[in-house]
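The values are calculated or read from the model by the stated rules, or taken from the named source; none is laboratory data. Here the structure is a predicted model, which means the values were calculated and not measured. Ideal geometry is used to build each Cβ from the backbone, glycine not excepted, and the neighbour counts take in all protein chains shown. Keep in mind that these areas ignore ligands, DNA and RNA; they rest on the heavy atoms of the full protein, side chains included. Shrake-Rupley method; radii C 1.70, N 1.55, O 1.52, S 1.80 Å.
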Amino acid sequence: MDGERARETIPTNLRLLMVLEEVARAGVPVTPTEVNANVELPKPTIHRLFSTLEEEGFLQRDMDGRTYSPGPRMRSLAASTMSSLRIRTARQAILKRLSREIGETCNIALPDRDAMIYLERVETEWPLRIQLPQGSRVPFHCTASGKMYLSSLAPNHLQRYLNATTLTGQTDNTITDRDALLAELGDVKRNGYALDREEFMQDMIAMAVPILDTNGRLMATLSFHAPTQRFTTDRALTYLDALRDASSELSLLIEGEI
């Protein structure tokens, strides 16, 4: 009897995991129908699975009411996986080396539903530094890491974000005009890096690059920030290659290749 029960429950558990895998692979909000094109389950079953995953917090319905994105439990699972001891030790070594080379605080941030979350950071040894501890949430539109993430979105998803968001001015330099922000994000997409020119905090600049997954999509960002007393954006750009090299190492680390 126990064997029969196991055979009955395993397919259901695998189906839930397959749905989560497809949502993660898509990288954008998806409908049950879009996911089912690969999973190929009966229509009532796929809708029931989405309902269960939403109810348990693994998925959440997007603002349009039709599509779904990773929910808080799925995001927490992803962050915990990236924070496993082996990965975290190697990741810290990469960040420490980069921080020593640049001489400033370096961060890894993950996109959440409405903000970037600092997953990891290595502090500069300078007494004058900006305190943004691990777990801090920062806005998309006025930070280097957030703008890097927004530039990776498909045009329709970016427009949906802009339609639902107030571009609040954090400093006099914050871009609060939608057209100006779209132009900036176009530059970020073309250049492959993003700058924060005192847009989030007065007297602080930052630069970010993407950390890509095996499909070439942004899964996190690598950045550093510094006070304007020590750094200009022109000087920041001289460390772009170092930032990109570290980002490539982090991508390989998470893929398990180093």
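Cβ-Cβ contacts under 9 Å between residues 6 or more apart (or on different chains), taken from a first residue in region 137-157 that is in contact (Cβ under 8 Å) with a residue 60 or more places away in the chain and assigned to a helix (DSSP H, G or I) to a second residue that is among the polar types (S, T, N, Q) and open to solvent by less than 40 Å² (accessible area, probe 1.4 Å), are listed as Ala144/Thr221; Ala144/Ser223; Ser145/Asn107; Ser145/Thr221; Ser145/Ser223; Met148/Thr221; Met148/Ser223; Tyr149/Thr221. Scanning region 161-191 for residues that are in a helix (DSSP H, G or I) and of a type in the set (A, V, I, L, M, F, W, C) yields Leu162, Ala164, Ala180, Leu181, Leu182, Ala183, Leu185, Val188. Applying the condition of being out of contact with any Pro (no Cβ under 9 Å at 6 or more places or on another chain), assigned to a helix (DSSP H, G or I) and open to solvent by less than 60 Å² (accessible area, probe 1.4 Å) to region 76-92 and asking which residue is modelled with the lowest pLDDT yields Met82. Of all residues in region 199-228, none that is part of a loop (DSSP other than H, G, I, E, B) has its Cβ atom under 6 Å from the Cβ atom of a residue that is among the basic types (Lys, Arg), 6 or more apart or on another chain.
Among the residues examined, Thr238 qualifies as at pLDDT 95 or above and either open to solvent by 50 Å² or more (accessible area, probe 1.4 Å) or out of contact with any Pro (no Cβ under 7 Å at 6 or more places or on another chain) (or both). The condition of being open to solvent by less than 60 Å² (accessible area, probe 1.4 Å), of a type in the set (D, E, K, R) and either closer than 25 Å to Ala154 by Cα or modelled with pLDDT of 85 or more (or both) holds for only one of Glu34, Glu22, that being Glu22.
Which residue, of Leu195, Leu162, Leu158, is modelled with pLDDT of 95 or more, surrounded by 13 or more Cβ atoms within 10 Å (Cβ to Cβ) and over 20 Å from Leu119 (Cβ atoms)? It is Leu195.
Kindly provide the set of residues from region 34-64 that are without any contact (Cβ under 8 Å) to a residue 12 or more places away in the chain and either at negative phi or in a helix (DSSP H, G or I) (or both), ordered by number. Correct list: Glu34, Asn36, Ala37, Pro42, Lys43, Pro44, Arg48, Ser51, Glu55, Arg61.
Against the list (1) open to solvent by 10 Å² or more (accessible area, probe 1.4 Å); (2) under 20 Å from Ile211 (Cβ atoms); (3) in contact with a strand residue (DSSP E or B) (Cβ under 7 Å, 6 or more places away or on another chain), the condition Glu120 fails is (1).
When restricted to residues that are at pLDDT below 80 and open to solvent by 50 Å² or more (accessible area, probe 1.4 Å), region 1-19 contains 11.
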